[in-house]
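Just so you know, all these numbers are worked out from the coordinates, no wet-lab data involved. Here the structure is a predicted model, which is why all the values come from computation and not from measurement. When we count neighbours, we look across all protein chains shown, and the Cβ atoms used for this are built from the backbone with ideal geometry, even at glycine.
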Amino acid sequence: MIKILAMIISIPASLIIFIALTICLYFMKYITMQNLILAGISLIASSIIIMMFRIIFPAKRPNKKTLEHEFLNKFGKKHKLIFLKWYKDLEGRKFASAHVSRIVILATIFYFMNELEYSVILLVFALIVGISRVLVKKHTTLDIFTGAAIGIITTYFVNLLFF
C-alpha cells in the first residue's frame, strides 16, 4: 500500500497541470462539459492502467547518486532517510509515461471534436515532453510510446463506452 501511495504522490505536478488546463479549457468554452467528463474519466482510467503497468513491469529508474545529490542540495542532509525511503519505493516504477499519456488524452479529445490544429499542437507538445523525459533519463522510448498509446486507447474506449 505504501508503494502505491508513493507512486501516486510522485506525479502530482503533471496531474495538477492536467486538471487545471482541462478546467481552464472548459471555462474558456474550448471544450464542453461532456469533454471535461471524458477527460476526467480518461485520466482516472489511464492512471490506473499506468499504475498497474508499473507494478507488473518494474523497470529501473535513473542513477540513484544523481537524484540523491539533487535531493540533498535542495533539502539538506537531515532529510536523507526520507529520500532513501522515497527512492526505494519508486526505484522500479517508470514503465509507461504518465506525462505523455495525459497530454495525449487532451490531444485525442480535441481530435474527437474535429479541432485538428489543437490536436496537432498537443501531439507536438507530447513529443517534446517525451523527448525531454528520455534525455533526462526518466524514461525510455518504449515508455513514451506506451504512455501515448494508453492515452489514446483509454480516451477512445471511455468515449465509446460513456458517450
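Could you give the length gained on full extension between residue 112 and residue 34, defined as 0.36 nm per residue of separation minus the Cα-Cα distance, in nm? Don't skip to the end; give the middle numbers.
On the way: separation 78, 0.36 × 78 = 28.08 nm, distance 1.17 nm.
Once the chain is fully extended between residue 112 and residue 34, it gains 26.9 nm.
Regarding the stretch 106-155, what is the average projected area of its C-alpha convex hull, in nm²?
Over every viewing direction, the Cα hull of the stretch 106-155 projects on average to 3.1 nm².
Which order do the peptides 24-31, 97-104, 48-55, 132-139 come out in when sorted by mean C-beta neighbours inside 10 angstrom, highest first? Can you show the working numbers first?
Working: 24-31: 13.4, 97-104: 27.8, 48-55: 17.1, 132-139: 15.0.
So the peptides 24-31, 97-104, 48-55, 132-139, ranked by packing, come out 97-104, 48-55, 132-139, 24-31.
Under the 0.36 nm per residue contour assumption, what length would be gained going from the current alpha-carbon distance of residue 55 and residue 17 to full extension?
11.2 nm
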